[in-house]
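Below is one structure, written out as structure tokens; the observations come after it.
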Amino acid sequence: MVRVKSRYLLCEINVSDRSSLLFLDDRAIAAAVKEAVARIHGDYGAAMCSIRFCVKYLNTQTGMVFLRFPKRSYKLLWSALPFITSIKTRYQKIPCFLNCLHVGGTIRTCQKFLIRYNTRQLHRMLPSCKNEEEKKQIRKAILSCSIIQGAFEDEPENDDDDEEEA
């Protein structure tokens, strides 16, 4: 039995209006990628994109998306991503571009990279805070990125709530 190998691309969808991210769905993103590949690489690219390509995960709040491609053709398909200038949904045409952040062999490696990336972004935001309350919220978000620290922080609060209800 042969193992089927895939590559996962972690991409960030950049739009001018963050509220338009809520209109996106995985089918619209898949159609935009397939259209761009067919436009750039012709029939060969379209055929390669039709084999085992899918959108595995889409977060409409943050604009992060996981794309799965076959290992043998991911470079061909990856090269077409910069040519996506808009995504057509049922409601409207959203001008955007895809920024590829990471290429991984598994979803797990992409998830680990995403956690490190978000932590770095939060650390960059910390010096630009205007007051102490914003700094406190960002520090809490940084600590919640870590599984161990986040679990220890949440447990005492949940225990206190249970004791008060009883």
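The values are calculated or read from the model by the stated rules, or taken from the named source; none is laboratory data. Because the structure is predicted, anything quoted here is derived from the model rather than measured. Positions of Cβ are generated from backbone atoms using ideal geometry, with glycine treated the same way; all protein chains shown enter the neighbour counts.
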Restricting to region 4-43, name every residue that is farther than 26 Å from Leu114 by Cα, without any contact (Cβ under 8 Å) to a residue 12 or more places away in the chain and either exposed (fewer than 15 other Cβ atoms within 10 Å of the Cβ) or not assigned by TED's automatic domain parsing to the domain that holds Val65 (or both). Gly42, Asp43
Considering region 44-74, residues that are among the hydrophobic types (A, V, I, L, M, F, W, C) and outside any strand (DSSP E or B), and then whichever is surrounded by the fewest Cβ atoms within 10 Å (Cβ to Cβ), we arrive at Ile51
